[in-house]
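Novice: Dropping a structure here in C-alpha cells format, bear with me for questions.
Values quoted throughout were computed directly from the atomic coordinates according to the rules given, and no laboratory measurement underlies them. Here the structure is a predicted model, which means the values were calculated and not measured. Backbone-built Cβ (ideal geometry, glycine too); neighbour counts: all protein chains shown.
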Amino acid sequence: MSKILAKNLNLWYGTFHALQNINLGFGERRITAIIGPSGCGKSTLLRVFNRMNDVVEGVKVGGEVLIDNENIFDGDFNDLVKLRKKVGMVFQRPNPFPLSIYENIVFGLKVHHLVKKKEFNAIVQESLESVMLWNDLKNKLHKNALGLSLEQKQRLCIARTIAVKPDIVLMDEPCSALDPQATLKIEELMQRLKKDYTIVIVTHNMQQAARVSEDTGFMLLGELIEFGRTADIFTAPKDKRTEEYITGRYG
Amino acid sequence: MKTTTKQKIAFSILFLCTIIVVLPVVCIFWIIIKNGYKGITWQFITAMPTEGMRQGGVYPAIVGTLYLVCLSIVFSLPMGVMAAVYLNEYAKDNLLTRLIRLAIVNLAGVSSVVYGLFGLALFVTFMKFGVSILSGALTLAIMNLPVIITASREALASVPYSFREVSLSLGLSRWQTIRHSVLPFAIPGILTGAILSLARAAGETAPILFTVAAFYLPHLPKSIFDQAMVLPYHLYIISTQIPNISRETRYATAFVLVGIVFTMNIFAVIIRSRLRKKKKW
Ligand SMILES: Nc1ncnc2c1ncn2[C@@H]1O[C@H](COP(=O)(O)OP(=O)(O)OP(=O)(O)O)[C@@H](O)[C@H]1O
Ligand SMILES: [Mg+2]
C-alpha cells in the first residue's frame, strides 16, 4: 500500500498546465527520487504533497492525492496544520532562522504547543542525534545557527523538520548548495532516516537518484513519463525519452 | 584635457557638493552650541520658567514634548505596523491596494500645517478633545503614519521569503508565520523608522500649534486632556513674541530641542547598526 497516492493529478498556474494527469504511489519508508530537466514540474509536484502551492495565486488543482488514504484535496479537508506536521519539507538552500541552534529545532514545537517545555531538551538531543550533529554541537546549542557550515545548516534544517515528528519528508534538491563530500554525507543521513520516514527527493543529479533511491520517477514538461524501481529505470528504461535523459542527451 | 585631469575635476565637484550638504548641519550645530551652551544648566532643564519666561527653565516644555511624542507613538506604531503587515503580507495587488499605496505616498507629502488644521477640525473641535495633549498626539500620529508604514513595509520586505516558506512548511498558519517568523526579524527596522519619524515630529511646530500648544502654563499637564507647553512652540514664542529675552536663553532652548532630536536619531542609528551586524541571512 502506498503512503502517498496521486490519482489523475493536474495542476495549473493560471492557464499554464504545469502537472498533467499524474498517477503514482510512494511506498512507506522508502526513498523515492523525482528526476527531470529544469522546469519540468518537479518542485511543483513535491509541493502538492504538503499543499505549499496554496500560497501561489491562481493555482488550481484537479484529481486526488491520498496520504494515508485521506484525500488532501477533498472539499472537506482543511487541516493544513495537521497535514504539514505530517509532511515535512527540506528546501534547496539551507535556511535556518537567525536564531540559536536550539531555538531553530524547537521552533515548530513552540508554536504548536506540541509538547511540554521540559521535554524540549530531550527532543533537541534526539533530533540532532538523528541528523548526526549532536556530538559536534551539544556544547554550542545556544550559538547562532548562521555560524554553522552549509552542510551543518542543512542537517539542522532536517533536524528542525523532524522535530515536529512527521511521517513523510519532502526534499527539494537538498544537496544542490553543497559540495560533493557534504552531498555524500547527507545521502548517508537519508539512508538512516529511511528507517523512520517516507522520503521523496527531487534532484538534478542522476547519480544521486541512483545512489539513494529505491523508486524513481522521471518527469518531462509536466508529465510523469516513467515511474518504477530505480534499478529498472536506470538499467532498462521502458520509454525512449527516459533513456535519452539518463544517458545525458537532455539538458 | 587628459582623462585623469577630467576625473580629478569631476571628483572635486562631487566632493564639493557633499561638503555643501554637510555645511548647513555643521553650521547650525555650531551656532547653537556656541551661543547656547552657557545657558544649559541643571536649573534651566529642571525649573519652571519665571519672569514672563525670561528667566528660569524650560522644564514644562521638555515634559510636554516628551508626553506628546510618547503618546503619539502609542497610537501610530501599532496602527502603522498593522497596516504595513496587511499591505506587505496579505494585500493582493489590485486597484484598492494601489489606491491605498497612492494615498500613503500622498499623505507623506502633505505639509505639516495642513495636518495641524486637520487635527484642529477633527480632534479638537469635532471629537471634542479640546486643545490637549491627546489631540496633539493624535495629529502627530497621523502625520507620522505614512513614514512608519513605509519603514515597516521595507523592514518586512527585507525578511527573506524563505523564512515564511519554512514556517508554513512546519505547519504554522499565515498569521502564526507573520507573528513568529517575520515580525521578530523586522522589529529593529520598524523601530528605527519609528524613532526617526518621532524625532522629526518632536521638532514640528505647525501640527501642535492649534492642537495642544500652550503659550505659558505655570504647571505641568495633569492628564492627556490638558494643554501643554511644547519645545518648538516655546522656542518660537520666546524668539518672536517676548521682548528683552536674553539671546542665551533662546539659544539654550534651541540647544535642548536639537539635543532631544539628535539623541533620538543617535538611538535609531545604534539600533540600525546593531541590526546590520546581526543580519547575515
Ligand atoms: N508560481 C508560478 N507561477 C507560474 N508558473 C510557475 C510558478 N512556479 C513554477 N511555474 C512554472 O511551472 C513549471 C514547473 O516549475 P517547477 O519549479 O516545478 O520546475 P522544476 O522541475 O522544479 O525546475 P527546477 O529544476 O529548475 O527547480 C515551470 O515551467 C515554471 O516556469
Ligand atoms: Mg525545482
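Novice: Towards the positive end of the charge dipole of the protein assembly as shown, with charges on Cβ (+1 Lys, Arg; -1 Asp, Glu), say which of B:S167, B:I187, A:G248 has the farthest Cα.
Specialist: Going by the Cα projections, it comes out as B:I187.
Novice: Further question on the same structure: Just need log10 I(q)/I(0) for region B:224-281 at q = 0.18 Å⁻¹, Debye formula, equal scatterers on the alpha-carbon atoms, no solvent, rounded to two decimals.
Specialist: Listed by q, the Debye log ratios stand at -0.73.
Novice: Report the charge-dipole magnitude of region B:1-116 in Debye, nearest 20, computed about the Cα centre from +1 at each Lys and Arg Cβ and -1 at each Asp and Glu Cβ.
Specialist: 620
Novice: Taking a cut-off of 26 Å, what percent of all Cα-Cα pairs in chain A are separated by more than that?
Specialist: 40
Novice: Comparing B:L120, B:L87, B:L96, which has the greatest mean-square fluctuation in the GNM of chain B with Cα pairs linked when under 10 Å apart?
Specialist: B:L96
Novice: Against the longest principal axis of chain B, how steep is helix B:95-109, in degrees 0 to 90 to the nearest 10, with axes from Cα atoms?
Specialist: With rounding to tens, the tilt is 30 degrees.
Novice: Over 25 Å between Cα atoms: which of A:K86/B:K92; A:K60/A:K85; A:K3/A:K165 fall into that group?
Specialist: As for pairs spanning more than 25 Å Cα to Cα, those are A:K86/B:K92.
Novice: Moving to a separate point now. Could you tell me what percent of the DSSP beta bridges with both partners in region A:109-242 are antiparallel, to the nearest 5?
Specialist: Here the share of antiparallel DSSP bridges comes out near 55 percent.
Novice: Mind checking the log10 I(q)/I(0) for region B:1-86 at q = 0.13, 0.15, 0.21, 0.25 Å⁻¹? Debye, one equal scatterer per Cα, no solvent, two decimals.
Specialist: So the normalised log intensities work out to -0.78, -0.84, -1.00, -1.10.
Novice: Turning to a different aspect of this structure: Treat every Asp and Glu Cβ in region B:57-278 as -1 and every Lys and Arg Cβ as +1, leave all other atoms uncharged, and give the resulting dipole magnitude about the Cα centre to the nearest 20 debye.
Specialist: 500
Novice: Something else: Could you give me D for the protein assembly as shown, from Stokes-Einstein at 20 °C and 1.002 mPa s, where the hydrodynamic radius is the Kirkwood radius over C-alpha pairs? Units µm² s⁻¹, please.
Specialist: 77
Novice: Another question about this same structure. Just need the relative contact order of chain A here, percent rounded to a whole number, with Cα pairs under 8 Å and 6+ apart.
Specialist: 28
Novice: With θ set to phi - 60°, apply the Karplus curve 6.51 cos²θ - 1.76 cosθ + 1.60 along region B:79-90 and write out the HN-Hα couplings as whole Hz, x wherever there is a Gly or Pro.
Specialist: Those phi angles translate into 5, x, 5, 5, 4, 5, 4, 4, 5, 7, 9, 10 Hz.
Novice: From Cα pairs below 8 angstrom and at least 6 apart in sequence, can you work out the relative contact order of chain B, rounded to a whole percent?
Specialist: Relative contact order for chain B comes out at 27 percent.
Novice: Between A:K3 and residues 5 or more places away or on another chain, which pairs have amide H atoms under 5 Å apart, with H built 1.01 Å from N, and which residues are they?
Specialist: Residues meeting the criterion, in which the H sits 1.01 Å from N, are A:F26, A:G27, A:E28.
Novice: Between region B:27-79 and region A:76-117, what's the alpha-carbon centroid distance in Å?
Specialist: Here the two parts' Cα centres lie 50 Å apart.
Novice: Also: Name the most mobile residue of B:A268, B:A214, B:A91, meaning the one with the largest mean-square fluctuation, in a Gaussian network model of chain B with Cα contacts below 10 Å.
Specialist: In the Gaussian network model the winner is B:A91.
Novice: Send over the semi-axes of region B:57-278's equivalent ellipsoid, whole angstrom and largest first, taken as the square roots of 5 times the C-alpha gyration tensor eigenvalues.
Specialist: 37, 20, 14
Novice: How much length is gained if the chain between B:F225 and B:V74 is pulled fully straight, taking 0.36 nm per residue apart and subtracting their Cα-Cα distance, in nm to one decimal?
Specialist: 52.8 nm
Novice: A follow-up question, please. Which residue fluctuates most in the GNM of chain A (Cα springs below 10 Å): A:I168, A:I35, A:I233?
Specialist: A:I233
Novice: Here's a follow-up. Between A:N8 and A:A236, with labels modelled 7 Å along Cα→Cβ, what's the label distance in nm to one decimal, could you check?
Specialist: 3.3
Novice: With the dipole of the protein assembly as shown worked out from charges on the C-beta (+1 for Lys and Arg, -1 for Asp and Glu) around the Cα centre, which of B:F11, B:S273, A:N205 lies farthest toward the positive end?
Specialist: Farthest towards the positive end: B:F11.
Novice: Please give, to one decimal in nm, the separation of the simple spin-label points placed at A:V81 and B:Q176, each 7 Å out from Cα toward the Cβ.
Specialist: 0.5
Novice: Measuring from centroid to centroid over Cα atoms, what is the spacing of region B:175-253 and region A:158-225 in Å?
Specialist: After rounding, the separation between the Cα centres reads 58 Å.
Novice: Same structure, new question: Tell me which residues come under 5 Å, amide H to amide H, from A:L220 once H is placed; ignore anything under 5 positions away on its chain.
Specialist: Residues meeting the criterion, in which the H sits 1.01 Å from N, are A:I225.
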